[in-house]
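Colleague: Could you have a look at this structure, given as structure tokens, before my questions?
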Amino acid sequence: MRNKLVILGAGESGVGSAILAQKQGYAVFVSDFGKIKDKYKEVLSKYNIDFEEGKHSEEKILEAEIVVKSPGIPDTAPLILKLKEKDIPVISEIEFARRYTDAKTICITGSNGKTTTTLLTHYILEKAGLNVGLAGNVGKSFAWQVAEENHDVYVIELSSFQLDGMYDFRADVAVLLNITPDHLDRYNYNMQDYTDSKFRIIQNQRENDYFIFCADDEVIQTEIAKKEIKPACIPFTLKEPANPGAGLSKEKLIINFNQKQFSMSILDLSLSGKHNTYNSMAAGIASMVFQIRNEQLRECLSGFHGVEHRLERFLRVHGIEFVNDSKATNVNSTWYALESIPKSIVWIAGGIDKGNDYTMLKPLVKEKVKAIVCLGKDNSKLHAAFDKVLKNVVDASSMEEAVKAAYYLARNGDTVLLSPACASFDLFDNYEDRGNQFKEQVRNL
């Protein structure tokens, strides 16, 4: 009799888990309360994997010996609580897949910069000739790659939701970029709960593993002071570098690691802005753990082209620059965007608020922003925060309306910045859909 494994959610991670589970001899059942995309239905049918959509058949699900759930399903969902009452383990795809690979892992988390740092680290290792996979929130499902490919190293972007479903998982290299308020609606509006989730990145690490972290982040520093950290700690900072560690000295980025020193001018980095200097340092340290040569590292840090939907300078129309920062789904990401762009800005913001506090943005908005276009079903919090700061705060209910309003409010030399500070699911499928619609409407001007 085969062990029964149920997968909740039939997206990229769920389907990948199903393929791996079947390969490992489980009796697999996939259940999705929503509609499954045709491309994933085709894969499940091809592998003869039992699935359902539009419902959760509780009787069948509660017979499972193990459940792999989508990170989008909260731990407080009634079905998850019923599974836990029956002591049925509920884990993440990342936890499940790790059981079936001996590959090294570089795991990257933080409130901001995860995707950029993950893609940059993968780019460096791939250019250096390593057999490296890209997984987690970007790339192909980790489980799917473990089932059908054979990488020596995986670079994995991890959200707090994925970390919450990890128990025995151990990262060989853990990277913690920053911790600022995000997803607090999933953490009882408790910052400590969210911080604890992020620090799960170092759980189970051993003395010969590595923990790379931002020494300038107060939340991280406060938390480190409370803990006994086992892995080798390698900080990065915008101040003088530690040894081991990364930092800045006389306009140079310097990384000290294992009696080696890497240095290059910050003017030669392909990614600009303070936040991207941090991202470059983190990726650089992680790469040096894997003995990437200085020349290769320098070439990659100066040649990487960045991430779509993240401060993407898209198009200039009649002297107005349009910047797509749709990936900015929290206040801190938007702060970085506003900070990196010269005034004057017409800012498109809004979506599903995750417990946002806009206070930190007010000084930058006063200094740089001439108008705000609120794009969402409920813009009341944006109005409450900024109506007294600016005269021009207008509403839009579609991307077409928002782009036209921003274009009307902007003048030659201005920047129209889509940096929503909110999740996208009220009006869009995801942040990529939001960013793509923005670019389509800008092209239509």
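Colleague: Roughly speaking, to the nearest percent, how much of region 293-445's 1.4 Å accessible area is carbon and sulfur? Walk me through the numbers before you get to the answer.
Modeller: Values: 3260 of 6900 Å².
Roughly 47 percent, rounded to a whole number.
Colleague: May I pose another question? For every helix of n ≥ 4 consecutive DSSP H residues, a contribution of -39,500 (n - 2.57) applies; sum these over the chain, divide by its total residues, and give [θ] at 222 nm rounded to the nearest 500 deg cm²/dmol.
Modeller: Working: 17 runs with 156 residues, N = 445.
Result for the chain, helices only: -10000 deg cm²/dmol.
Colleague: Of Leu8, Ile66, Ile320, which is farthest towards the positive pole of the chain's charge dipole, taken about the Cα centre with +1 and -1 on the beta-carbons of Lys, Arg and Asp, Glu respectively?
Modeller: In the chain, that residue is Ile320.
Colleague: Just the accessible area for Tyr431, please: 1.4 Å probe, Å², rounded to the nearest 10?
Modeller: Tyr431 has an accessible surface of roughly 60 Å² with all protein chains in place.
Colleague: Projected onto the charge dipole of the chain (+1 at Lys/Arg Cβ, -1 at Asp/Glu Cβ, origin at the Cα centre), which of Ile292, Phe33, Gly376 gives the Cα projection farthest towards the positive end?
Modeller: In the chain, that residue is Ile292.
Colleague: How large is the dipole of region 72-194 about the Cα centre if only Lys and Arg carry +1 and Asp and Glu carry -1, each at its Cβ, rounded to the nearest 20 debye?
Modeller: Working: 11 positive and 17 negative charges, 12 e Å.
My answer is approximately 60 debye.
Colleague: Can you give the accessible area of Ile254 in Å² (nearest 10), computed on protein heavy atoms with a 1.4 Å probe?
Modeller: 20
Colleague: With +1 on each Lys and Arg Cβ and -1 on each Asp and Glu Cβ, how big is the dipole of region 29-112 about its Cα centre, in debye rounded to the nearest 20? Spell out each step's value before the answer.
Modeller: On the way: 14 positive and 16 negative charges, 64 e Å.
Taking the Cα centre of region 29-112 as origin, the dipole is about 300 debye.
Colleague: Further, regarding this structure: The list (i) 49.3, 160; (ii) 22.4, 71; (iii) 28.8, 101 gives values of Rg and Dmax of the Cα atoms in Å, and only one came from this structure; which label was calculated from it?
Modeller: Looking at Rg and Dmax of the Cα atoms in Å for this model, the match is (ii).
Colleague: At 1.4 Å probe radius, can you tell me the per residue accessible area of region 56-203 in Å²?
Modeller: With all protein chains present, region 56-203 gives 37 Å² per residue.
Colleague: Determine how large the accessible area of Thr101 is when every protein chain is in place; take a 1.4 Å probe and give Å² rounded to the nearest 10.
Modeller: The value for Thr101 is about 20 Å².
Colleague: Separate question: Can you bin region 325-445 into rounded, prolate or oblate? Criterion: square roots of the alpha carbon gyration tensor eigenvalues sorted a ≥ b ≥ c, rounded for a/c under 1.5, prolate for a/b above b/c, oblate for the rest.
Modeller: On the way: a/c = 1.40, a/b = 1.07, b/c = 1.30.
Cα axes put region 325-445 in the rounded bin.
Colleague: Here's another thing I want to ask about it. Among Ala396, Phe428, Ala410, whose Cα projects farthest towards the positive end of the dipole of region 384-437, with charges put on the beta-carbon of Lys, Arg (+1) and Asp, Glu (-1)?
Modeller: Comparing the listed Cα positions along the dipole, Ala410 ranks first.
Colleague: Give me the dipole magnitude in Debye, nearest 20, for the chain about the Cα centre, with unit charges on the beta carbon: positive for Lys and Arg, negative for Asp and Glu.
Modeller: Details: 54 positive and 60 negative charges, 176 e Å.
Once rounded to the nearest 20, the dipole reads 840 debye.
Colleague: I need to check one value: relative contact order of the chain, counting alpha carbon pairs closer than 8 Å and at least 6 residues apart, in percent.
Modeller: Working: 922 pairs, mean separation 49.7, N = 445.
Reported as a whole number, the value is 11 percent.
Colleague: Excluding residues on the same chain fewer than 8 positions from Lys37, give the lysines whose Cα lies under 19 Å from its Cα.
Modeller: Here the lysines satisfying the reach criterion relative to Lys37 are Lys46, Lys55, Lys69, Lys140.
The values are calculated or read from the model by the stated rules, or taken from the named source; none is laboratory data. These figures come from a predicted structure and were not determined experimentally. Virtual Cβ from ideal backbone geometry, glycine too; neighbours counted across all protein chains shown. What goes into the accessible areas is simple: the full protein's heavy atoms, side chains included, and nothing from ligands, DNA or RNA. Shrake-Rupley method; radii C 1.70, N 1.55, O 1.52, S 1.80 Å.
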